[in-house]
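The values are calculated or read from the model by the stated rules, or taken from the named source; none is laboratory data. Computed from a predicted model, the values in this text were never measured in an experiment. When we count neighbours, we look across all protein chains shown, and the Cβ atoms used for this are built from the backbone with ideal geometry, even at glycine.
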Amino acid sequence: MKTTQLPLKGLLLFEPAVHEDERGTVMEVWSLERYRSAGLPAGFVQDNLSRSRHGVLRGMHFQVGNPQGKLINVPVGEVFDVAVDLREDSPTFGRWWGETLSQDNHRQLWIPPGCAHGFLVLSESAVVTYKCSAYYDPASERTLLWNDPDVGIAWPFEPAIISPKDRAGKRLRVLVPASIAR
């Protein structure tokens with residue numbers, strides 16, 4: 001497995017070894033020792049699955065007080081997956097990074113606690129799975145505005161479908177960075 005440290009502090013891209021033959025492909029999606037040696041938590045507590053159609057944007061979500069780290073995988077389709085660093089003490093605070101994750105490239109993205117996360121579906125449809133380091137806590141969930149000009153995420157195209165909650169996200173300058181647990 002190839003591991004790459006991306007420009008945001010703690011953001012990692014994993015490229016698992018994929019074994020392919022005339023039957024199809026096989027790959028290891030999760031191995032405690034392998035990922036722990038890369039710095040991921042040993043105890044993920046929740047797995048989530050999202051199915052969305054082309055043009056859907058989900059995000060940019062994060063939790064205060066109970067931050068979640070997320071290991072993102074796309075077994076079906078293709079998405080543009082984005083993280084925004086909201087850790088006030090981080091040298092990359094307020095910066096974003098995006099990666100295309102797909103069933104074809106098999107990449108996985110580790111988004112550390114304290115970062116907002118979201119994605120835009122590029123294919124006809126997509127299934128996104130993510131292992132979470134903390135439980136979902138609706139009371140501590142917050143949403144960064146997906147198109148905040150202060151962050152400047154360069155989405156590949158204008159989303160066709162965005163939930164009312166995500167449309168009502170707050171700009172970075174309105175969010176209180178000190179309240180975001182590290």
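Taking residues in region 79-93 that are in contact (Cβ under 8 Å) with a residue 60 or more places away in the chain, and partners anywhere that are surrounded by fewer than 18 Cβ atoms within 10 Å (Cβ to Cβ) and part of a strand (DSSP E or B), the pairs with Cβ atoms closer than 7 Å and at least 6 places apart or on different chains are Phe80/Thr100. Among the conditions (1) surrounded by fewer than 20 Cβ atoms within 10 Å (Cβ to Cβ); (2) at positive phi; (3) touching a Leu at 6+ places or on another chain (Cβ under 9 Å), Gly77 misses just one, which is (1).
Within region 139-163, residues that are within 17 Å of Arg95 (Cα to Cα) and assigned to a loop (DSSP other than H, G, I, E, B) sit with their Cβ atoms under 9 Å from residues that are modelled with pLDDT of 95 or more and among the acidic types (Asp, Glu), at 6+ positions apart or across chains, in these pairs: Leu145/Asp166; Trp146/Asp166.
Do we have any residue at all in region 57-78 that's more than 24 Å from Ser163 (Cβ to Cβ), among the polar types (S, T, N, Q), over 14 Å from the mean Cα position of the chain (by Cα) and part of a loop (DSSP other than H, G, I, E, B)? Lay out the reasoning, then the answer.
Within region 57-78, the subset more than 24 Å from Ser163 (Cβ to Cβ) is none.
Taking every residue of region 57-78 in turn, none turns out to be more than 24 Å from Ser163 (Cβ to Cβ), among the polar types (S, T, N, Q), over 14 Å from the mean Cα position of the chain (by Cα) and part of a loop (DSSP other than H, G, I, E, B).
Has region 32-47 got any residue that is exposed (fewer than 13 other Cβ atoms within 10 Å of the Cβ), out of contact with any helix residue (DSSP H, G or I) (no Cβ under 9 Å at 6 or more places or on another chain) and in a strand (DSSP E or B)? Yes, region 32-47 has at least one match.
Which residue is nearest to Gly10 (Cα to Cα), if the candidates are limited to region 49-60 and must be of a type outside the set (S, T, N, Q), buried (at least 19 other Cβ atoms within 10 Å of the Cβ) and out of contact with any Leu (no Cβ under 7 Å at 6 or more places or on another chain)?
If we filter region 49-60 for residues that are of a type outside the set (S, T, N, Q), which is where we start, we get 49, 51, 53-60.
Pick out the ones that are also buried (at least 19 other Cβ atoms within 10 Å of the Cβ) and you get 56-60.
The next check asks that each one be out of contact with any Leu (no Cβ under 7 Å at 6 or more places or on another chain); those that pass are 56, 58-59.
Numbers: Val56: 27, Arg58: 22, Gly59: 20 Å.
It comes out as Gly59.
Summed over region 82-133, the residues that are surrounded by fewer than 20 Cβ atoms within 10 Å (Cβ to Cβ), out of contact with any Asp or Glu (no Cβ under 9 Å at 6 or more places or on another chain) and under 18 Å from Gln46 (Cβ atoms) give a count of 1.
Residues in region 61-104 that are touching a Gly at 6+ places or on another chain (Cβ under 9 Å) and among the small types (Gly, Ala, Ser): Gly69, Ala83, Ser90, Ser102.
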